[in-house]
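Undergrad: Okay, here's the structure, questions in a sec.
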Amino acid sequence: MTDDPSPLGRPSGAHDPQPAAAGGLPPRPLGAAEPATGLTESDVEDDVDGSLLALVDRLTGMLDRSDLSELEVESGGTSVVLRKRSALYPAPAEAGPPEQSQPASEGAVPPEVAAAAVSSPSVKAPLTGIFYASPSPGSPPYVRVEGEVAVGQIIGLIEAMKLFNEIKSDLAGRVVRVVAESGQLVKAKQPLIEVEPL
């Protein structure tokens, strides 16, 4: 037996308690951290987020191509519910041209009046999207003509990028006119309701 060190830095006769793993590396003790792979925790989270978003995109495509109105998927601790817009707000029924003898419904505004300039202070849309006057189809609208509105009160919803945003009044008073039509596109800074201060 010689005292010449072996290539591993131990005397050649020294007892090796654990054999070398394949590739010449000693085995890693239990509980020891994984060797560095060049990936950070942020990289792994980004990859998971990316794959989750890709899955949501695929599910959205499947829902759009199907006759379903809602799709719910649960895996592990993650749950996703996708709904078609028609499930939340059904499209208004197409009707023929209105007859002149029909009385105007409450809050309806003739086109020539709608085109007129806004004369009262108004609550304006903060973003562009689809305006909804009520929280769900068939439920009463958030505000009505002749009704009162307070600062911070919800007056409607605007759907933008598949998110529903509550629109709150920055004015207090009596609602003179509901300018925006439910289910129609509104542009940023477009008046939604006209308010007469009390």
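The values are calculated or read from the model by the stated rules, or taken from the named source; none is laboratory data. Predicted, not measured: the structure shown is a model, and the values here were computed from it. When we count neighbours, we look across all protein chains shown, and the Cβ atoms used for this are built from the backbone with ideal geometry, even at glycine.
Undergrad: Note down all Cβ pairs under 6 Å where the first residue falls in segment 156-170 and is farther than 15 Å from Lys189 by Cβ, the second is of a type in the set (S, T, N, Q), and they're at least six residues apart or on different chains.
TA: Listed pairs, sorted by first residue: Ser169/Gln153.
Undergrad: Would you call Ser134 outside the structural domain of Asn165 (by TED's automatic domain parsing) and either modelled with pLDDT of 80 or more or over 14 Å from Glu181 (Cβ atoms) (or both)?
TA: Against the criterion (outside the structural domain of Asn165 (by TED's automatic domain parsing) and either modelled with pLDDT of 80 or more or over 14 Å from Glu181 (Cβ atoms) (or both)), Ser134 does not qualify.
Undergrad: For segment 119-176, which residues satisfy the criterion of being polar (S, T, N, Q) and either part of a loop (DSSP other than H, G, I, E, B) or out of contact with any Gly (no Cβ under 9 Å at 6 or more places or on another chain) (or both)?
TA: Scanning segment 119-176 gives Ser119, Ser120, Ser122, Thr128, Ser134, Ser136, Ser139, Gln153, Ser169.
Undergrad: Consider Lys187 carefully, then state whether it is basic (Lys, Arg) and under 30 Å from Leu82 (Cβ atoms).
TA: yes
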